[in-house]
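Colleague: Have a look at this one.
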Amino acid sequence: MRFTEAELTAALTGAAKSVLAAQDKSVRKGRRSVDEAWTALTQFERFQLLDGLGDQVLPALVGLPDVEVETGTRPTFTDAQVTAAVEERIGDDVGRVRRAVLLKTRVTLVKIALTHVPPRSDPDALTVPDHL
């Protein structure tokens, strides 16, 4: 699938915030929001989180089949398409149990990332604000 750089960035950031929400105890207990936890991270901590997820999520997103996306909507994929894209990226040097765990985890991460992809905009209807 051909995603724009902005779409991939939004997808990866959304997945990273979801992982951060699961890891951060104060977010899980409701003491602060995910966005507050995200802004509390240093730039290097954000980089480490995004880098680790990028190796897992981005190849699977790029490996998804091409689909027509209407303007104002997000791309949608079936569970079988997402699973197939993730399975192609998992190496053969992994054991059976570890492969099953990796598959399930990465499929979930890719689905979370896809929910954070912004709606597709029409490039022909691009409007430039007056202040520029």
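The values are calculated or read from the model by the stated rules, or taken from the named source; none is laboratory data. This one's a predicted model, so the numbers in the text were calculated from it and none came from an experiment. Using ideal geometry, Cβ is built from the backbone for each residue, glycine included, and neighbour counts are taken over all protein chains shown.
Colleague: Between a residue in the stretch 103-114 that is on the phi > 0 side of the Ramachandran plot and buried (at least 18 other Cβ atoms within 10 Å of the Cβ) and any residue that is modelled with pLDDT under 95 and among the β-branched types (V, I, T), which pairs come within a Cβ distance under 7 Å, given they are 6 or more apart or on different chains?
Modeller: none
Colleague: Give L64, L53 a once-over and let me know the one that is in a loop (DSSP other than H, G, I, E, B) and within 18 Å of R106 (Cβ to Cβ).
Modeller: Matching residue, one of L64, L53: L64.
Colleague: Which numbered condition trips up G95, out of (1) at pLDDT below 90; (2) within 25 Å of A21 (Cβ to Cβ)?
Modeller: (2)
Colleague: Here's a follow-up. Condition check: under 21 Å from R2 (Cα atoms), under 17 Å from the mean Cα position of the chain (by Cα), part of a helix (DSSP H, G or I) and of a type in the set (D, E, K, R). Does D124 satisfy that?
Modeller: No: the conditions fail for D124.
Colleague: For a quick check of your reading: which helices (runs of 4 or more DSSP H) sit entirely within the stretch 5-45 and have at least 3 residues that are in contact with a Lys or Arg (Cβ under 9 Å, 6 or more places away or on another chain)?
Modeller: It comes to 5-23, 34-40.
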